[in-house]
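Here is the structure we will look at.
The values are calculated or read from the model by the stated rules, or taken from the named source; none is laboratory data. All values reported here derive from a predicted model rather than from experimental measurement. Note that we place each Cβ from the backbone using ideal geometry, even for glycine, and neighbour counts take in every protein chain shown. Surface areas here come from the heavy atoms of the whole protein model, side chains and all, with no ligands, DNA or RNA. Shrake-Rupley method; radii C 1.70, N 1.55, O 1.52, S 1.80 Å.
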Amino acid sequence: MSKNVLLLPGDGIGPEIVAQAERVLKLLNEKLNLGLNLDSALVGGAAIDETGVPLPDETLDLARAADAILLGAVGGPKWDELEMSVRPEKGLLGLRSNLELFGNLRPAILYPQLAEASTLKPEVVSGLDILIVRELTGGIYFGQPRGVRQLENGERQGYNTYVYAESEIRRIAKVAFEAAQKRDGKLCSVDKANVLEVTVLWREILDEMAKDYPDVELSHMYVDNAAMQLVRAPKQFDVLVTGNMFGDILSDAAAMLTGSIGMLPSASLDANNKGMYEPCHGSAPDIAGQGIANPLATILSVAMMLRYSLGENKAAGVIEEAVSKVLDQGLRTADIYADGCQKVSTIQMGDAVIAAIDSIVQH
Ligand code: NAD
């Protein structure tokens, strides 16, 4: 049965990097007969320019009908002055909430070839392989009430609400426990249970659920300590699970441990493993249009898509092998460049991955 993949290039470097990922997906579709139908649509600033809204109904309908979605990135200075409700980021948040993509998987893997690219000492990060599981559709980013109000003394007050229902905690914890089972069996839950009642409940539920996963060793850590430990000794972690805001921050910190945010894919899954896949980075307006963006995070997002939503493990493995191969060849985009390597453009990196896939599939 054929499956539908929706491409949402978005803004900034989004269209440049998605174009390379699309070439990879089309090649594998053809070579391995994956039976995928590809479609594309507007989201973010590109959608605002065209239709006035960041998530047009047509895009949402296509997203609902798709088996998997590949997103580039949204946002940029052009739209920064717009009112909050029509900002490009609302397109992304709208997709996540409408499709109930509550489980965000963000691996932070340091490719041995890039050990020097990290700002941390090689011995602290080499061989790093951690997975951050972030709750994506709840917590303080979505909690009501929210806004800016006028106090009686005339001063304005900004306010947001940090809420998690028990069922929301349980479903993200399940994703995290299961991920830990497939890896090294260690799960660290990150909270602020010394200050925030919502995370006291979070901790209680995790402890309760741990009884159903005797093969997983559960620990708890306050978020401030977790931030510290991530830069002090990141290899102590296997899987980390946390709420939306803490996960947002910690996953970017973890991303930088690896030297380049341009290398890291992510998946956002619903309860049935339908997912939206995207690089961890944003639209990088500072380098958009220059043809120098690293497309590997987006290409590796295609690998995650094939594995988690499309059940095509072999094709996923081919992509990961191809990426490792081009790094072995010394090819680097500017963000991961080091002396002695060959600096390549976005398209040249795409060409190299395509050539590597060709040779892997032929053998
Ligand atoms: P960013 O990730 O876009 O860029 C941070 C830095 O990393 C920049 O110097 C950029 O040039 C570099 N970088 C990022 N991706 C790269 C790649 N593939 N290759 C080479 N270098 C890369 O973060 P930012 O600057 O904070 O945000 C820029 C815009 O992106 C903002 O409008 C923000 O709202 C948006 N954003 C979107 C998403 C998303 O769509 N998921 C996520 C984060 C930020």
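Can you find, among Tyr141, Pro88, Val239, the residue sitting farthest towards the positive end of the charge dipole of the chain, where Lys and Arg contribute +1 and Asp and Glu -1 at Cβ?
Toward the positive end, the furthest listed residue is Val239.
Rank Leu105, Val361, Ser167 by how far each Cα sits towards the positive end of the charge dipole of the chain (+1 on Lys, Arg Cβ; -1 on Asp, Glu Cβ) and give me just the farthest.
Highest projection toward the positive end goes to Val361.
What number, in percent, do you get for the relative contact order of segment 129-257 if the mean sequence gap of Cα pairs under 8 Å and at least 6 apart is divided by its residue count?
Working: 202 pairs, mean separation 46.9, N = 129.
Once divided by the residue count of segment 129-257, the mean separation gives 36 percent.
In segment 71-111, which GluC sites (Glu not before Pro) are in a loop and have at most 16 other Cβ atoms within 10 Å, using DSSP for the loop call? Mind dumping the intermediate values first?
Values: sites: Glu81, Glu83, Glu89, Glu100; in loops: Glu81, Glu83, Glu100.
Sparse-neighbourhood loop GluC sites (Glu not before Pro): Glu81, Glu83, Glu100.
Hey, what's the Kirkwood Rh for segment 219-363 if you take every pair of different alpha carbons, in angstrom? List each step's numbers first, then the result.
Working: mean 1/r = 0.0597 Å⁻¹.
About 16.8 Å for segment 219-363.
Where the only charges are on Cβ atoms (+1 Lys, Arg; -1 Asp, Glu), what is the dipole of the chain about its Cα centre, to the nearest 20 debye?
Working: 32 positive and 49 negative charges, 92 e Å.
The dipole of the chain has a size of about 440 debye.
If the viscosity is 0.890 mPa s and the temperature 25 °C, what translational diffusion coefficient in µm²/s does Stokes-Einstein give for the chain when Rh comes from Kirkwood over Cα pairs?
Working: Rh = 21.1 Å.
After rounding, the answer is 116 µm²/s.
Expressed as cubic angstrom per residue, what is the convex hull volume of the alpha carbon set of segment 223-290?
Numbers: hull volume 8.3 nm³, N = 68.
Each residue corresponds to 123 Å³ of Cα convex hull volume.
How high is the FRET efficiency from Val195 to Asn98, r the C-beta distance, R0 45 Å, rounded to 0.05? Walk me through the intermediate numbers first.
Working: r = 32 Å, r/R0 = 0.71.
Once the sixth-power term is evaluated, E becomes 0.90.
With a 1.4 Å probe and every protein chain kept in, tell me what percent of the accessible surface of the chain is carbon plus sulfur. Spell out each step's value before the answer.
Numbers: 7990 of 15980 Å².
Carbon plus sulfur share of accessible area: 50 percent.
Taking amide H atoms as placed 1.01 Å from N in the peptide plane, list the residues 5 or more away in sequence, or in a different chain, whose amide H sits under 5 Å from that of Leu99.
Amide H neighbours of Leu99: none.
In terms of modelled amide H atoms, which long-range or inter-chain residues lie less than 5 Å from the amide H of Ala66?
So Ala66 has HN proximity to no qualifying residue.
Cα centroid distance between segment 124-182 and segment 7-65, in Å?
Comparing the Cα centres of segment 124-182 and segment 7-65, I get a distance of 27 Å.
Work out the charge dipole of the chain with +1 on the Cβ of Lys and Arg and -1 on the Cβ of Asp and Glu about the Cα centre, then indicate which of Met276, Ser2, Thr199 is farthest towards its positive end.
Positive-most Cα among the choices belongs to Ser2.
With every protein chain present, what is the per residue accessible area of segment 129-257 (1.4 Å probe, Å²)? Don't skip to the end; give the middle numbers.
Working: 6380 Å² over 129 residues.
Here the residues of segment 129-257 average 49 Å² of exposed surface.
List the relative contact order of segment 1-89 as a percent without decimals, with contacts defined as Cα pairs under 8 Å and 6+ residues apart.
Values: 151 pairs, mean separation 37.9, N = 89.
Value for segment 1-89: 43 percent.
Within segment 148-243, report the GluC sites (Glu not before Pro) that DSSP leaves as loop and that have at most 14 other Cβ atoms within 10 Å.
Within segment 148-243, the qualifying GluC sites (Glu not before Pro) (loop, at most 14 other Cβ atoms within 10 Å) are Glu152, Glu155.
Determine the relative contact order of the chain: mean sequence separation of Cα pairs under 8 Å and six or more apart, normalised by residue count, in whole percent. Could you put the intermediate results ahead of the total?
On the way: 764 pairs, mean separation 75.5, N = 363.
For the chain, the relative contact order is 21 percent.
Taking the Cα centre as origin and putting +1 on Lys and Arg beta-carbons and -1 on Asp and Glu beta-carbons, what dipole magnitude results for segment 129-257, to the nearest 20 debye? List each step's numbers first, then the result.
Values: 15 positive and 20 negative charges, 52 e Å.
Computed about the Cα centre, the dipole is about 240 debye.
Compute for segment 187-242: radius of gyration divided by Kirkwood radius, i.e. Rg/Rh, restricted to C-alpha atoms, rounded to two decimals. Don't skip to the end; give the middle numbers.
Numbers: Rg = 11.5 Å, Rh = 11.7 Å.
For segment 187-242, the value is 0.98.
Given all pairs of different Cα atoms, what value in angstroms does the Kirkwood hydrodynamic radius of segment 129-257 take?
Hydrodynamic radius (Kirkwood, Cα pairs) of segment 129-257 is 15.4 Å.
Which log10 I(q)/I(0) values does segment 65-221 give at q = 0.08 Å⁻¹ under the Debye formula, counting every alpha carbon as one identical point scatterer?
Debye intensities relative to I(0), on a log10 scale: -0.35.
Within the chain, which whole H helices from DSSP have a Cα span along their axis of at least 15 Å and a mean Kyte-Doolittle hydropathy of 0.0 or more, if any? Walk me through the numbers before you get to the answer.
Values: long enough: 14-31 (25 Å, -0.22); 88-98 (16 Å, -0.65); 166-182 (24 Å, -0.49); 197-210 (20 Å, 0.29); 244-257 (20 Å, 0.89); 296-308 (18 Å, 1.55); 313-328 (22 Å, 0.21); 346-362 (24 Å, 1.05).
Helices meeting the criterion: 197-210, 244-257, 296-308, 313-328, 346-362.
Could you give the size of the charge dipole of segment 252-340 about its Cα centre, using +1 on the Cβ of each K and R and -1 on the Cβ of each D and E, expressed in debye and rounded to the nearest 20?
Working: 5 positive and 10 negative charges, 49 e Å.
In debye, rounded to 20, segment 252-340 gives about 240.
Please give me the summed charge of the neighbours of Pro285: other residues whose Cβ is under 11 Å from its Cβ, Lys and Arg +1, Asp and Glu -1.
On the way: positive: Lys78; negative: Asp11, Asp80, Asp286.
Within the 11 Å Cβ shell, the charges total -2.
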